[in-house]
Structures are given as structure tokens and as C-alpha cells.
Amino acid sequence: MAATGTDRTFPFPVTSPGEALDVYSRLRAEEPVARVRLPGGHTAWLLTRYEDVRTALTDRRFSKQAATAPDAPRLLPIHRGSSSLVTMDPPDHTRLRRLVSGEFTQRHMATLRPRVRQIADELVDAMLAADGREADVLTALALPLPIRVICEQLGIPADEQDRFRQWSDGILTVAGGKPADAAAATAAQESARSLMGYLAGLIAAKRTTPGDDLLTRLVRAQEDEDALSTEELLTFAMTLLVAGYHTTTAAVSHLLLHLLDEPGHYAALLADPARIPAAVEEALRYSQVASGFGSLRIATSDVEFGEVTVRAGEAVIPLMNAANRDASVFPDPDRMVLDREHNQHLAFGAGIHFCLGAPLARIELQVLLEALVARGAELRLARPAKELTWHLATAFPRPERLDVRW
């Protein structure tokens with residue numbers, strides 16, 4: 001089936017990233033495999049149905065590595081001279097994932113829960129002790145919790161976290177809700193080089209002064225056969241830092257926004273904290289954190305999606321946000337249902353690129369809610385959600401401020 005046209009430009013204009021775009025539901029119903037034009041001039045196929053999105057995420061005929069070629073379509077700038085786990089195909093992806101996956105099992109992540117809870121308790125207590133009974137939860141909770149957790153896991157000193165945040169913001173910056181222009185792309189490359197240089201020095205220090213941290217264990221693993229190369233170790237550490245901060249910060253802010261914006265949701269958790277894990281999963285499904293910017297893949301052979309054939313060499317963008325609102329999978333998809341059953345959302349992706357840090361992100365989200373609920377903090381939004389100003393110049397949009405009262 002031929003494309004109906006390429007007059008649509010993706011990403012679509014966004015004013016309130018907390019809500020799903022109406023165009024997603026229209027495309028899912030009328031043109032679930034839609035041709036779009038990217039800002040760089042390339043075209044791509046946009047997927048909005050759950051099954052199609054899951055296919056693109058799991059089918060080996062779609063390559064992430066091919067999307068890193070110099071002339072390939074893209075939505076985010078790619079740091080040259082390095083290969084990331086999130087942009088590799090097998091067998092390289094298989095080798096690297098096997099080397100590091102043991103550090104990210106649910107069992108191992110569970111051992112971090114007490115420390116995450118300690119950090120969350122400190123942050124929540126500090127926020128609630130502030131004068132005026134009002135605070136910006138983005139500054140008080142959503143930003144510091146993920147940064148402290150991932151930095152401690154990697155063995156990065158606390159006094160280096162501000163520099164890391166600046167570099168990380170620079171790497172994932174997009175302009176006006178659209179992929180970075182030439183100047184922003186250059187700035188992103190400079191941020192990536194600065195962070196890589198810092199991590200190279202930190203890795204060298206770990207060789208002489210090891211610690212009880214993930215980076216030290218990965219450095220030691222370099223002595224084993226088939227282990228991470230120095231370049232791979234650098235890129236993996238950078239990927240963990242950036243993803244562990246940006247995605248979780250956005251997820252925390254969306255979680256709190258949606259719980260407090262919907263009457264009764266937060267009160268339900270105060271009344272029954274056992275509902276927190278299910279509420280976290282529903283917030284992950286309902287929220288629009290997974291923008292799709294990093295999901296672009298290239299078909300390595302022809303693949304059929306219903307009446308549309310995606311040809312070898314063409315790009316596809318599986319939109320997890322749209323898939324998570326597919327009514328054929330999630331009844332009443334545009335409503336946040338705290339105790340939704342069989343919640344097989346795609347917020348963390350699927351297949352070989354399923355988010356390595358998903359267990360840790362879930363722990364952070366759950367523990368933060370547990371800390372708030374344990375103190376009986378009756379939070380409410382300080383102003384209506386529709387009045388929020390959003391930070392759009394990032395791959396993972398979040399409010400610029402999220403003020404609450406209690």
C-alpha cells in the first residue's frame with residue numbers, strides 16, 4: 001500500500017506533554033502505519049497500534065545499529081566514535097548485555113531498595129520540613145532522587161553531581177520539542193565529550209583505588225575474556241548515567257502529577273499503600289514519558305504491517321506512548337485505573353532492548369510513594385495541571401516546576 005503522503009512532520013507539536021496527543025488515536029484508527037517526514041528531511045513509518053509497536057521492538061528485522069549510520073534518519077544527535085548498548089544489534093549487543101545484566105537483575109536491584117528508601121526518606125523529610133507547606137517536588141524529589149541513586153551505584157562522588165546534571169541535560173537537549181538544530185547538536189556533542197572525559201578519569205581512578213560500586217566491578221571485569229573494552233565501558237557508564245537520571249526524573253514528575261491531578265487517586269494510596277506497585281505500573285502506562293525519540297529503527301528486509309509493506313532500508317518509529325493507549329489491549333485507555341490488571345505496558349520497551357534499568361526505576365518510583373504515604377502527607381497540586389509550564393527542550397519532557405501543598 002502506498003503512503004497517503006508525507007506532509008506530516010514528526011515530532012508532532014506538543015503543548016502539554018502530560019496528555020496523550022489526539023493525533024495518536026486518530027492514526028491508530030485510520031492510518032496505524034503512517035508515513036511522516038522528519039526534520040532532517042528523511043521519511044519514516046510511524047507505528048501507533050500496540051501489536052505493531054511490539055513487533056517493531058522485538059523483531060530482529062528492525063535494526064537500531066543501522067540507525068547510527070552517518071546518513072541514517074534520526075531524531076536525536078548521536079555521539080560519534082562510540083557504540084552504545086542501546087544502539088547495538090546482536091551479536092555485539094548480546095555480548096555486552098550478558099556482561100552487565102547480572103548487575104540489573106530484580107534480585108540484585110532489590111538489595112539496593114533500603115538505600116533508595118533512605119535517600120527518599122531524607123528528601124521527603126526535608127521537603128515537608130520546609131516553611132510555607134509548599135514545595136516544588138521536581139526540585140525536592142524528582143531531580144535529586146534519581147541522580148543520587150545512579151551516581152552512588154556507579155561510584156560517582158556527591159560533589160560531582162551538579163556537573164553531571166549539566167552534561168546530561170546537554171546530551172539529550174532538543175530544540176522546542178523538536179530534534180536539535182545544528183547549534184544544539186554541536187552543544188550536545190560537546191556535553192558528551194565532557195562527560196566521556198570525566199568518566200575516563202573516574203575509570204582510571206577506579207583501577208588504582210577501587211570501591212564497592214558498579215564501575216569498579218566493570219573495571220575488574222575487563223580482565224576477563226570477551227569483556228568490555230575501555231570504549232564500551234565508557235559509553236555504557238554514560239548511557240546509565242544519562243538514562244538513569246532523565247527518564248526516572250520525568251517518570252517521577254509524571255507519576256506525581258497524574259496521581260494528584262485526578263481526584264481520589266492519591267487519597268486511595270494513603271488509605272491503602274498496598275496499591276502502590278499497581279499504581280506505579282498504571283502511571284507508567286498512562287504517562288507520556290516514552291516520547292519515541294530513541295526508538296527509531298531501520299528495516300533490514302521487507303516487513304508487512306497489515307496492508308502496508310515497510311521496505312528494507314526504511315525507518316520505523318514505534319510509539320510506545322500511542323501503544324499504551326490502545327483500547328484493544330487496555331480497556332478505557334484514556335483513564336488512569338490504579339488497580340488495572342494484566343498491565344503489559346511498553347513504557348520500558350520490549351525485546352532485547354528492554355530497559356536494563358527498569359527494576360531500579362520501579363523501585364525508585366515505589367519507594368518515593370511509600371515514603372510520602374508513610375508520613376501521611378496529604379499532597380495536592382498548588383495550581384491546576386493545565387497551568388503548568390513544560391520543559392520541552394529534552395527528549396523526556398517534564399514540568400519546569402511542579403508545586404504542591406500539604
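The values are calculated or read from the model by the stated rules, or taken from the named source; none is laboratory data. These figures come from a predicted structure and were not determined experimentally. No Cβ is skipped: glycine too gets one built from the backbone with ideal geometry, and neighbour counts run over all protein chains shown. Remember, those area values only see protein heavy atoms, side chains included, never the ligands or the DNA or RNA. Shrake-Rupley method; radii C 1.70, N 1.55, O 1.52, S 1.80 Å.
The single residue among Arg401, Arg340 that is open to solvent by 10 Å² or more (accessible area, probe 1.4 Å), outside any helix (DSSP H, G or I) and closer than 30 Å to Glu134 by Cα turns out to be Arg401. Yes or no: the stretch 218-231 includes at least one residue that is in contact with a helix residue (DSSP H, G or I) (Cβ under 8 Å, 6 or more places away or on another chain), farther than 30 Å from Leu202 by Cα and either surrounded by 15 or more Cβ atoms within 10 Å (Cβ to Cβ) or polar (S, T, N, Q) (or both). Looking through the stretch 218-231, none of the residues is in contact with a helix residue (DSSP H, G or I) (Cβ under 8 Å, 6 or more places away or on another chain), farther than 30 Å from Leu202 by Cα and either surrounded by 15 or more Cβ atoms within 10 Å (Cβ to Cβ) or polar (S, T, N, Q) (or both). Tell me whether the stretch 35-50 contains one or more residues that are in a loop (DSSP other than H, G, I, E, B), crowded, with 17+ Cβ neighbours inside 10 Å and modelled with pLDDT of 95 or more. Within the stretch 35-50 (the criterion being in a loop (DSSP other than H, G, I, E, B), crowded, with 17+ Cβ neighbours inside 10 Å and modelled with pLDDT of 95 or more), the answer is yes, since at least one residue qualifies. Scanning the stretch 343-398 for residues that are among the polar types (S, T, N, Q), touching a residue at least 40 places away in the same chain (Cβ under 8 Å) and surrounded by fewer than 19 Cβ atoms within 10 Å (Cβ to Cβ) yields a single hit, Asn343.
If a residue must be of a type in the set (A, V, I, L, M, F, W, C) and either buried (at least 17 other Cβ atoms within 10 Å of the Cβ) or in contact with a strand residue (DSSP E or B) (Cβ under 6 Å, 6 or more places away or on another chain) (or both), how many such residues does the stretch 15-26 contain? First the steps, then the outcome.
We begin by selecting, within the stretch 15-26, every residue of a type in the set (A, V, I, L, M, F, W, C); these are 20-21, 23.
The next check asks that each one be either buried (at least 17 other Cβ atoms within 10 Å of the Cβ) or in contact with a strand residue (DSSP E or B) (Cβ under 6 Å, 6 or more places away or on another chain) (or both); those that pass are 20-21.
The total comes to 2.
Just to be sure before I move on: is Gly264 open to solvent by 10 Å² or more (accessible area, probe 1.4 Å) and within 21 Å of Gly244 (Cβ to Cβ) in the structure I sent? Judged against the criteria, Gly264 is not a match. Here is the figure for the stretch 104-119: residues that are more than 14 Å from Ala361 (Cβ to Cβ), open to solvent by 60 Å² or more (accessible area, probe 1.4 Å) and either part of a helix (DSSP H, G or I) or small (Gly, Ala, Ser) (or both) total 5.
No other residue among Thr230, Thr209 is of a type in the set (S, T, N, Q) and modelled with pLDDT of 90 or more apart from Thr209. Taken over the stretch 290-333, residues that are without any contact (Cβ under 8 Å) to a residue 12 or more places away in the chain and touching a strand residue (DSSP E or B) at 6+ places or on another chain (Cβ under 8 Å) amount to 2. Taken together, the criteria place Thr111 among residues that are of a type in the set (S, T, N, Q), more than 19 Å from the chain's Cα centre (by Cα) and farther than 30 Å from Trp406 by Cβ. Contact map, the stretch 159-170: first residue at pLDDT 80 or above, second residue open to solvent by 30 Å² or more (accessible area, probe 1.4 Å), Cβ cut-off under 6 Å, separation 6 or more or different chains; pairs are Trp167/Ser194. Scanning the stretch 43-61 for residues that are within 15 Å of Glu30 (Cα to Cα) and of a type in the set (Asp, Glu) yields a total of 1. Is it the case that Arg97 is open to solvent by less than 70 Å² (accessible area, probe 1.4 Å) and under 20 Å from Ala243 (Cβ atoms)? Yes; evaluated as a whole, the condition is true for this residue. Among the candidates Pro263, Pro273, the residue that is modelled with pLDDT of 95 or more and farther than 21 Å from Tyr24 by Cβ is uniquely Pro273.
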